[in-house]
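The values are calculated or read from the model by the stated rules, or taken from the named source; none is laboratory data. Here the structure is a predicted model, which is why all the values come from computation and not from measurement. All Cβ positions, glycine included, derive from the backbone under ideal geometry; neighbour counts span all protein chains shown. Just so you know, the surface numbers come from the protein's heavy atoms only, side chains and all, with ligands and any DNA or RNA stripped out. Shrake-Rupley method; radii C 1.70, N 1.55, O 1.52, S 1.80 Å.
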2 protein chains.
Amino acid sequence: MSRLAPFPSSFLFALGAMAPFAASAEEAPAYRTVNEIVAASAPTDWRQPDPEHTLYLELASGRVVIELAPWLAPKHDINIRALVREGYFDGLAILRSQDNYVVQWGDPEADDEAKARPFKTAKAKLDGEFTVPWRDDMPFTRLPDDDGYASVVGVSDGFWVGRDPKAHEIWMAHCYGTVGVARGNETDSGNGAQLYVVTGHAPRHLDRNITLVGRVLSGIELLSTMPRGAPPMGFYEKPEQRTAIKAMRVAADVPEAERTALDVLRTDTATFAEIVEAKRNRRDPWTKLPSGHIELCNVPLPVRATPTTADTP
Amino acid sequence: MSRLAPFPSSFLFALGAMAPFAASAEEAPAYRTVNEIVAASAPTDWRQPDPEHTLYLELASGRVVIELAPWLAPKHDINIRALVREGYFDGLAILRSQDNYVVQWGDPEADDEAKARPFKTAKAKLDGEFTVPWRDDMPFTRLPDDDGYASVVGVSDGFWVGRDPKAHEIWMAHCYGTVGVARGNETDSGNGAQLYVVTGHAPRHLDRNITLVGRVLSGIELLSTMPRGAPPMGFYEKPEQRTAIKAMRVAADVPEAERTALDVLRTDTATFAEIVEAKRNRRDPWTKLPSGHIELCNVPLPVRATPTTADTP
């Protein structure tokens, strides 16, 4: 079934199969779509996530791979890896799925001091890392457009971020697939024992109000399709509704043959800049009006299975 | 289980149960959350969708209610209702579910001229209504903040819109839950026979490139949880993966006792203005830093089941 026939069943912008406009010698280079740029990328355009800062959320349905950004939430990165390594999450559950918002997981008994699972080495309380101080050695690629929730936006080695140059702060933005630390009203009430992932339109109003620790690289669909829980917040009310977490693991603790080999596109390259512009001003045959703008959470951060050819470095 | 205990299992901003800050006589009125404002609203804050411009997508799992905005896509509104009334969609299927993007439905055989379901009274081709000319009699409530994809943004009687005052154009924006008309590369290749709904972060780059016709008022979760289809675009490759559409109907053609009675919040009221500001600058105990900004697709457009008390007008 042809996806690209002009018949109404075909849909959307050109993917790899569409030919770019032919460029004359005097014109700019031919337009390439995001997928074309990715398909033509070099091995050096990609990096492999650090297994020490990569988590696996293991469900019966499969594995969710989460990459942590330790420079953006260092204390939570440490504490969450401690929780994972003490087996805190093993046998806990998916607690909540709210449409156009988040999926959340942790201890169903967390509110019951008698039944709540205790912490061993992990800290029970942690000051929020809603923002962290900006350091000049942090990776940062600025994006070209203004943003309503941050005076400066960009990408920090594969994570969408906002920055406040005056306050010298940086923080992750709540784009789709980002993972954060659930908390109560007190700013130190989230220690990483309950985590959430954004599964709807980016709730940017949460930026700088809660600690974000990373993003899902693969397996997001295992969470985003979770049946929705009870209104208004989507918490499951019956135990049988809560999908069990088999385990959470740090990738470095998993035998290499059992890890999920992923590449993440580097975001400090000309390739990445071309990708941003390719979506910012789409010039494929399907698009009739390029936007001239790209909002932060619309910036693609491609991930692929690591190629397994013999000549891959 | 208390959702609002400061214990880590509770999460997020105050809902109706949180007390607003007490205001002294000299201060501004006490802050109310979106949910508090909605709970305290008057019957006159709400309107009932016009059954002639409301569609039901009937699945085995339940009903998806779609409200059309005829002033924003008049020809497609007519043609889609014609398609629905000629039973075009009955027995067709959900064709596609792409994570963080769209769910799409229509004729699985649309690309096969021999097997494709023919149109009867509905037009096979329709000029795109990617934007429509702005008329002064169109409902419009401007939003307070700038937007990267439109020089002016607002809400038009319950639909998120962009406007270009210089070109005198208005168009719907691709916020979560909005419904559009799939097309090929030709601008007249979408006639409404294939429809999609946004089920992820708002793909605003599609604004003004494709006709949007309405939005889902209820039942979105029946679509947003659809298993994802095959990469890269999420089309289902096997017939058994395609959820059947029992029927699509115009609400006006359904006996009143079988309709879904919904209220949509009016967007030309002080109540709505307060809701926008309540999310734009959240001042509940959970929020530590109000945003001072609200992006278009972050603006709530509340829907509720019509109350059934005896004194409801």
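Modelled this way, with points 7 Å down the Cα-to-C-beta line, the labels at A:A252 and A:A60 are 3.3 nm from one another. In the complete set of protein chains, residue-level accessible area for B:V64 is approximately 0 Å², probe 1.4 angstrom. Using only the Cα atoms of the stretch B:221-313, build the gyration tensor, take square roots of its eigenvalues as a ≥ b ≥ c, and label the shape rounded, prolate or oblate: rounded if a/c is under 1.5, else prolate if a/b is larger than b/c, else oblate. Note, shape of the stretch B:221-313 comes out oblate.
Positive contributions from Lys and Arg (+1) and negative ones from Asp and Glu (-1), summed over other residues with Cβ under 9 Å from the Cβ of A:V155, come out at -1. Applying a DSSP loop filter and a limit of 16 other Cβ atoms within 10 Å to the GluC sites (Glu not before Pro) in the stretch A:62-144 leaves A:E86, A:E109, A:E113. Counted by Cβ distance under 9 Å from A:I170, the other residues give a net charge of 0, where Lys and Arg count +1 and Asp and Glu count -1.
What GluC sites (Glu not before Pro) does the stretch A:201-252 have in DSSP loop regions with at most 11 other beta carbons within 10 Å? Each step should come with its number before you reach the end.
Numbers: sites: A:E221, A:E237, A:E240; in loops: A:E237.
Those that pass, being in a loop and sparsely packed, are A:E237.
Across q = 0.06 Å⁻¹, the protein assembly as shown modelled as identical point scatterers on its alpha-carbon atoms has Debye log10 I(q)/I(0) values of -0.32, in the order of the q list.
From its DSSP helices (H runs of at least four residues, each -39,500 (n - 2.57)), chain B gives a residue-normalised ellipticity at 222 nm of -3000 deg cm²/dmol. Inter-copy label distances at A:A230, using a point 7 Å along Cα-to-Cβ, come to 4.2 nm with the shortest given first.
The relative contact order of chain A comes to 27 percent, based on Cα pairs under 8 Å that sit 6 or more residues apart.
Partner aspartates and glutamates whose Cα lies under 12 Å from the Cα of B:K238, excluding those fewer than 8 positions away in the same chain, are not found. Rounded to 0.05, the FRET efficiency of the B:A114 and B:L289 pair, given R0 = 60 Å and the Cβ-Cβ distance, is 0.50. Local charge for A:N209 was computed over the other residues whose Cβ lies under 11 Å away, with Lys and Arg +1 and Asp and Glu -1, and equals +3.
Overall shape: oblate for the stretch A:144-269, with the ratio a/c of the largest to smallest alpha carbon gyration tensor axis at 1.5 or above and b/c at least equal to a/b. Share of carbon and sulfur in the accessible area of the stretch B:83-130 stands at 47%, probe radius 1.4 Å. A label point on B:K115, set 7 Å along the Cα-to-Cβ line, lies at 5.1 nm from each of its counterparts in the other copies, closest listed first.
Taking the longest Cα principal axis of chain A as reference, the axis of helix A:270-280 is set at about 90 degrees. The lysines within cross-link reach of B:K279, meaning a Cα-to-Cα straight distance under 28 Å and a gap of 8 or more places when in the same chain, are A:K166, B:K288.
Pairing chain B with chain A buries about 6500 Å² of accessible area. This figure sums both sides and uses a 1.4 Å probe. Amide H to amide H distances under 5 Å link A:W160 with A:A173, where only residues 5 or more positions off or on other chains count and H is placed in the peptide plane. Once the partner protein chains are put back, the stretch A:143-178 shows a loss of at least 10 square angstrom of accessible area, versus the chain by itself, at A:G148, A:Y149, A:Y176 (probe 1.4 Å, ligands and nucleic acids excluded). Computed from the C-beta positions of A:T44 and B:E186, the FRET efficiency with R₀ = 41 Å rounds to 0.55. Please label the shape of the stretch A:196-266 as rounded, prolate or oblate, based on the square roots a ≥ b ≥ c of the eigenvalues of the alpha-carbon gyration tensor (a/c under 1.5 means rounded; beyond that, a/b larger than b/c means prolate, else oblate). Here the stretch A:196-266 falls in the oblate category. Converting the Cα gyration tensor eigenvalues of chain B into ellipsoid dimensions via √(5λ) gives semi-axes, longest first, of 35, 22, 20 Å. Averaging the sequence gap over all C-alpha pairs within less than 8 Å and six or more residues apart, then dividing by the number of residues, gives the stretch B:162-204 a relative contact order of 39 percent. For the residues B:V303, A:V198, a 1.4 Å probe over the protein chains yields an accessible-area ranking, largest first, of B:V303, A:V198.
Considering only protein heavy atoms and a 1.4 Å probe, what is the carbon-and-sulfur percentage of the accessible area of the stretch A:244-313? After summing per-atom areas, the C and S share lands at 52 percent.
Put a plus charge on the Cβ of each Lys and Arg, a minus charge on the Cβ of each Asp and Glu, and nothing anywhere else: the dipole of the stretch A:97-230 about its Cα centre is then about 160 debye.
Accessible surface of A:R135, taken over heavy atoms with a 1.4 Å probe and every protein chain present, rounds to 110 Å². Taking the square roots of 5 times each eigenvalue of the Cα gyration tensor of the stretch A:163-226, largest first, gives ellipsoid semi-axes of 22, 15, 10 Å. Accessible surface comparison of A:T287, A:T44, probe 1.4 Å, protein chains only, largest first: the order is A:T44, A:T287.
Just in the stretch B:266-306: which trypsin sites (Lys or Arg not before Pro) are loop by DSSP and have at most 11 other Cβ atoms within 10 Å?
Passing sites in the stretch B:266-306 do not exist.
Per residue, the protein assembly as shown exposes an accessible area of 41 Å² to a 1.4 Å probe, with every protein chain left in place. Note on A:D136 and B:K238: with the Förster distance fixed at 51 Å, the Cβ-Cβ geometry gives a FRET efficiency of about 0.45. Shortest first, B:T44 label-point distances to identical copies amount to 7.0 nm, with the label point at 7 Å from Cα along Cα→Cβ.
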